[in-house]
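The values are calculated or read from the model by the stated rules, or taken from the named source; none is laboratory data. All figures in this text were calculated on a predicted structure; none of them were measured in a lab. Methodologically, a virtual Cβ is constructed for each residue, glycine included, from the backbone with ideal geometry; neighbour enumeration extends over all protein chains shown. The area values use the complete protein model at the heavy-atom level, side chains included, leaving out ligands, DNA and RNA. Shrake-Rupley method; radii C 1.70, N 1.55, O 1.52, S 1.80 Å.
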Amino acid sequence: MPVSLLGAAEIRALASELDVTPTKKLGQNFVVDANTVRKIVHAAEVQPGDRVVEIGPGLGSLTLAILEAEATVTAVEIDHRLAERLARTAAAHGVPDGALTVIDADALRVTELPGDPTVLVANLPYNVSVPVLLHFLETFPALDRGVVMVQAEVGERLAAPPGSKVYGAPSVKAAWYGRWRLAGTVSRQVFWPVPNVDSVLVGFHRDPDPRGTEDERRRTFAIVDAAFQQRRKMLRQALSSVLGGSSAAASEILERAGVAPTARGEELSVDDFARIAAAAA
Ligand code: SAM
């Protein structure tokens, strides 16, 4: 039996059965439109047999669309009522045994995933979208591509190149792992409840070779944070506290890294930041 998707009426009925009133605290805006979940699965190029991990499956709209594409899904949900109900919803919609594994946990704390997923597909909880994405990319190196729905402002930041107005710490940190692109916009009207922000899809492909060790990543990210905490300042000032304790010491390290001490963080690529961290080590 083919997998069938959830409709708007069924989503509301499920929420009422579970006594779930969507909360802002958990970023609960459920997608109630079948075309939108199919669009996300299509943008993610999910193929039969793909091993997908979904963060925040909620009542299961997107989960069923991924399963409809004949992938397997490991779904991590923090809300116990939703996590507990999902397997029954899937069975009632024609999902074969073994295709869905539900993990009742905070995605920010998950350190192991069954089945070694390689694709991330999610309508992320907006309050933790960047930390949860970075945590997954760091913790699960087998994840080599994905598409996530996030608040438009966040998606634009994740995909921004150096020099653009919205380029910031999340852009550099995301670029540490791979290449990012905007993959479409999503109307507010497809959510219940309707959010007061616009949403976009953002896709990534992990770079085949890691940019550095865990230690190099940590040191690079600390420099990125310092550079963007004072984004209007020149790097020799913005980085003085993390590079040698003075602007003269910072200038010397920056020059060794081949970066102008008078540049600003927003002009630098992730490779520039990695070179600064290496020169400081
Ligand atoms: N995927 C569903 C959909 O598209 O309709 C729900 C998406 S809703 C934007 C975000 C989901 O993430 C909610 O189900 C919420 O309970 C869950 N969530 C929030 N914080 C979480 C966390 N830290 N770990 C795992 N799930 C979380």
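For ALA278 and GLU17, a Förster radius of 51 Å and the Cβ-Cβ distance give a FRET efficiency of 0.35, rounded to the nearest 0.05. Model label sites at THR118 and GLU138, defined 7 Å from Cα along the beta-carbon direction, differ in position by 2.6 nm. Rolling a 1.4 angstrom probe over the chain with all protein chains present gives an accessible area of which 51% lies on carbon and sulfur atoms. Relative to the compact-globule estimate of 2.2 N^0.38 Å, the Cα radius of gyration of segment 1-130 comes out at 0.95.
List the GluC sites (Glu not before Pro) within segment 49-118 that DSSP assigns to loop and that have no more than 12 neighbouring Cβ atoms inside 10 Å. The partial results should precede the final answer.
Details: sites: GLU54, GLU68, GLU70, GLU77, GLU84, GLU112; in loops: GLU70, GLU112.
Counting only loop positions with at most 12 other Cβ atoms within 10 Å, the GluC sites (Glu not before Pro) in segment 49-118 are GLU112.
At an R0 of 25 angstrom, the distance between the Cβ atoms of HIS205 and ASN127 translates into a FRET efficiency of 0.45. Summed over qualifying helices (DSSP H, 4 residues or more, each -39500 (n - 2.57)) and divided by its residue number, the chain shows a 222 nm mean residue ellipticity of -11500 deg cm²/dmol.
Evaluated at 20 °C with a viscosity of 1.002 mPa s, what Stokes-Einstein diffusion coefficient in µm²/s does segment 214-280 have when Rh comes from the Kirkwood expression over alpha-carbon pairs? Mind dumping the intermediate values first?
Values: Rh = 11.1 Å.
Rounded to a whole number, D works out at 193 µm²/s.
Across the chain, Cα-Cα pairs farther apart than 24 Å form 52% of the total. The trypsin sites (Lys or Arg not before Pro) of segment 219-278 meeting both criteria, a DSSP state outside H, G, I, E and B (loop) and at most 10 other C-beta atoms within 10 angstrom of the site's C-beta, are ARG232. Can you give me the relative contact order of the chain as a percent, contacts being Cα pairs under 8 Å and 6 or more apart? That works out to 15 percent. Label sites at GLU214 and SER164, each approximated as a point 7 angstrom past Cα along Cα to Cβ, lie 3.2 nm apart.
In terms of the ratio Rg/(2.2 N^0.38 Å) built on C-alpha atoms, what value belongs to segment 94-244?
Values: Rg = 17.2 Å, N = 151, 2.2 N^0.38 = 14.8 Å.
Ratio of Rg to 2.2 N^0.38 Å for segment 94-244: 1.16.
For ARG81 and GLU153, FRET efficiency with R0 = 30 Å and r from the beta-carbon atoms, rounded to 0.05? Could you put the intermediate results ahead of the total?
Details: r = 30 Å, r/R0 = 1.00.
With R0 = 30 Å, the Cβ-Cβ based efficiency is 0.50.
Taking each pair of distinct Cα atoms in segment 67-127 once, what is the resulting Kirkwood hydrodynamic radius in Å? Walk me through the numbers on the way to the answer.
On the way: mean 1/r = 0.0799 Å⁻¹.
In segment 67-127 this quantity evaluates to 12.5 Å.
Pair-distance distribution P(r) for segment 165-221, from all Cα-Cα distances in 5 Å bins starting at 0: 4, 15, 18, 20, 14, 12, 8, 7, 2 percent.
At 1.4 Å probe size, with every protein chain present, just tell me what the per residue accessible area of segment 8-206 comes to in Å². Please report the intermediate quantities before stating the final value.
Values: 8560 Å² over 199 residues.
Normalised by residue count, the accessible surface of segment 8-206 is 43 Å².
So in the chain, what percent of DSSP beta bridges are antiparallel if you round to the nearest 5? Working shown, then result.
Numbers: 17 of 34 bridges.
Within the chain, antiparallel bridges account for around 50 percent of the total.
Are there any trypsin sites (Lys or Arg not before Pro) in segment 16-115 that are in a DSSP loop and have at most 13 other Cβ atoms within 10 Å? List them by number.
LYS24, LYS25
Specify the residue with the greatest mean-square fluctuation among HIS42, HIS80, HIS205, computed from a Gaussian network of the chain linking alpha-carbon atoms under 10 Å apart. In the Gaussian network model the winner is HIS80.
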